[in-house]
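K.L.:
Can you keep this structure in mind? I'll have questions shortly.
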Amino acid sequence: MTLKSIWIDYCENGSIHGLRHIIQKDEKPLMRFIWVLLLIVASIAIVVLVSASWEKYSYSSMEITVDDPRYPLTKIDFPAVTICPISKIVYPKALDLVLNKYPNDSDLRTRWTNSLQALGRIKFPHNTNLYYVLQNLPTIKIPLNEISDLMIKLAPSIEDIFQKCFWRGISYKCKDILRFQRTEEGFCYSFNSQTAERSINDESKINPPFIGSDGILIPLRNNAAGKETGLKLIMSNMSNKFFPNDDRRRGYNVMVHTPDSFPDVATAYKVHAIRDRISLISVSVAQVEADESLDRLDSENSQCYLYKAKAKNLSSLLHKSSNEDTCYIKCRMRAIHKACNCTQYFFKLYKGLGSHCGIEHIPCLIANDILQRNSQVSEDEPGFPKWSMPFAMNCSCRPPCSFMTYTTELRYENRQFVNNEQSSSRYDVYLEVNYRELYATSYRRSMRYTTQDLLVSFGGVASLFLGCSLVSIVEILYVIYKSFLVIVQILYNKYN
């Protein structure tokens, strides 16, 4: 069998249209030329249209559709709840540990008092307020390596803040369901947070989240909605724990966030100690899941981030996370370190992040307060002239492809009392965090142009112009293979 006979046989019997007209012996040369021209034009059209389909596939936009409007709560993690006292320092502790050491030196005692109050007010996004706290007031420089430990010792403990804690209507010891939490406004306490502090020997079977058999942290879930079906906390108003000259309203900042994220203090609710009032936070849940079609995305250039953090301990800010809030917190921490060469005392010192910020760094923190509130955008993005964003951090925080969002609403109600209830308790802070509805809403994010669409497009174009299919491609490959064998045989016979 010769090469010519192989290809003549293919042209006569192959599934691609038009080939047999080219090799017919009785066909006129003009008609053969026309058929060759038609095949060339059809092939070019296929290449152009297939290239367009591939480009559309490679840079396909995404779409989000409702997957289940009544998604069961049993498949949703109950949100983490972080409680931060307004005063980060307990005044009686400050007296015992620091101030009473200088009973006869009023100037040094005053300097210590001013410095402690300034450190206690370092927080995002209100460092600018420190200017008014320290204006013309004498201070003392506290050794930078002692600031964090000192602030932990002076911070309110669980016993100082929480009187009673309830989960789903059942009372628990507060220390058994709450954990120490680092935030951008100081030391706080969290319920159900994977980013809260965990001791090395922590094997609690009560304090959420739990460690699963595979070592992954598992947050609590809830399948009930309405009053007293979630978390309920009774907290002290701490009126006797503030510095005498601290005129801030007594109360707490409360953040509701996803269990795998660090709390974003900019979203906090302020819950104050007001007579006979209960603060109720209702939570609605929406979940967006990434479809398998997103797996083909380029991780560097995609519109969203596919990685989902799963670790034994997420309390380190440097852990790899897909959460945007955590990403921006990292960015702010690094921006402060770059500008002021220090890290706020409420964060751990990581390698390469220098020392903690002290009193001497406060002017720099004030100067960079605006910087922390703004993130850079592309220069060609409309609506962001340079004058409107004089300071901005260089953050690369892409949104996650899969995420959960909690929509919260704070409202207040009057408490109902029994006759013998003590009047002093009427000024405690009562807080409830419950689901609003019995169901969540589940969405699915997928590529608008899928692999199936691409294959259909390829097949449709090839069939339209040349009448070929996947089998036709196999035929061509088979003919090429037979031709290769013939060539090898010819070369072998020639040189042997």
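The values are calculated or read from the model by the stated rules, or taken from the named source; none is laboratory data. Because the structure is predicted, anything quoted here is derived from the model rather than measured. Glycine gets a Cβ as well: all are built from the backbone with ideal geometry, and neighbour counts include every protein chain shown. For the accessible areas, the whole protein counts, side chains as well, though only heavy atoms, and no ligand, DNA or RNA atoms are used. Shrake-Rupley method; radii C 1.70, N 1.55, O 1.52, S 1.80 Å.
K.L.:
Pairs only if they're at least six apart or on different chains, beta carbon under 6 angstrom, first in the stretch 341-352 and closer than 12 Å to Arg182 by Cβ, second small (Gly, Ala, Ser); list them, first residue then second.
P.N.:
Listed by first residue and then by second, the contacts come to Tyr345/Ser148; Phe346/Gly186.
K.L.:
Condition first: open to solvent by 50 Å² or more (accessible area, probe 1.4 Å) and part of a loop (DSSP other than H, G, I, E, B). Now tell me which residues in the stretch 386-398 satisfy that.
P.N.:
Matches in the stretch 386-398: Pro390, Phe391, Asn394, Ser396, Arg398.
K.L.:
Right, another one. With the requirement that a residue be among the hydrophobic types (A, V, I, L, M, F, W, C) and in a loop (DSSP other than H, G, I, E, B), what does the stretch 93-152 give you?
P.N.:
Val98, Ile122, Phe124, Leu137, Ile140, Ile142
K.L.:
Moving to a separate point now. Say we look at the stretch 65-92 and pick out the residues that are assigned to a helix (DSSP H, G or I) and under 26 Å from the mean Cα position of the chain (by Cα); which of these is surrounded by the most Cβ atoms within 10 Å (Cβ to Cβ)?
P.N.:
By that ranking, first place goes to Leu73.
K.L.:
Okay, next question. May I ask you to list the residues in the stretch 1-48 that are in contact with a Leu (Cβ under 6 Å, 6 or more places away or on another chain) and modelled with pLDDT of 80 or more?
P.N.:
Ala42, the sole residue that qualifies.
K.L.:
Here's a check for you: in the stretch 1-51, which residue that is in a loop (DSSP other than H, G, I, E, B) and open to solvent by 60 Å² or more (accessible area, probe 1.4 Å) is nearest to Leu455 (Cα to Cα)?
P.N.:
For the stretch 1-51, the residue satisfying everything is His17.
Let's see how each residue does on (1) over 26 Å from Val285 (Cα atoms); (2) out of contact with any Asp or Glu (no Cβ under 7 Å at 6 or more places or on another chain); (3) of a type in the set (Ser, Thr, Tyr):
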| site | (1), (2), (3) |
| --- | --- |
| Glu146 | yes, yes, no |
| Leu150 | yes, yes, no |
| Leu154 | yes, yes, no |
| Ile161 | yes, yes, no |
| Gly169 | no, no, no |
| Tyr172 | no, yes, yes |
| Pro208 | no, yes, no |
| Ile216 | no, yes, no |
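K.L.:
How many residues are charged (D, E, K, R) and either surrounded by 13 or more Cβ atoms within 10 Å (Cβ to Cβ) or not in a loop (DSSP other than H, G, I, E, B) (or both) if we restrict to the stretch 229-248?
P.N.:
Going through the stretch 229-248 one residue at a time, the tally reaches 3.
K.L.:
Oh, and also: Which residue, of Arg436, Arg426, Arg448, Arg415, is within 45 Å of the chain's Cα centre (by Cα), open to solvent by 80 Å² or more (accessible area, probe 1.4 Å) and at pLDDT below 80?
P.N.:
Unique residue meeting the criteria: Arg448.
K.L.:
Can Asp264 be described as touching a residue at least 40 places away in the same chain (Cβ under 8 Å) and not hydrophobic (A, V, I, L, M, F, W, C)?
P.N.:
It is true that Asp264 is touching a residue at least 40 places away in the same chain (Cβ under 8 Å) and not hydrophobic (A, V, I, L, M, F, W, C).
K.L.:
Within the stretch 281-299, count every residue that is at pLDDT 75 or above, of a type outside the set (D, E, K, R) and outside any strand (DSSP E or B).
P.N.:
Matching residues across the stretch 281-299 total 2.
K.L.:
Right, next: Give just the number: which of (1) modelled with pLDDT of 85 or more; (2) surrounded by 14 or more Cβ atoms within 10 Å (Cβ to Cβ) does Ser302 not satisfy?
P.N.:
It is condition (1) that Ser302 fails.
K.L.:
Of all residues in the stretch 211-225, which are in contact with a strand residue (DSSP E or B) (Cβ under 9 Å, 6 or more places away or on another chain) and surrounded by 13 or more Cβ atoms within 10 Å (Cβ to Cβ)?
P.N.:
Ile211, Leu217, Ile218, Pro219, Leu220, Arg221, Asn222, Asn223, Ala224, Ala225
K.L.:
Residue under question is Asp68, and the condition is that it be within 29 Å of Gln303 (Cβ to Cβ) and not basic (Lys, Arg); does it hold?
P.N.:
yes
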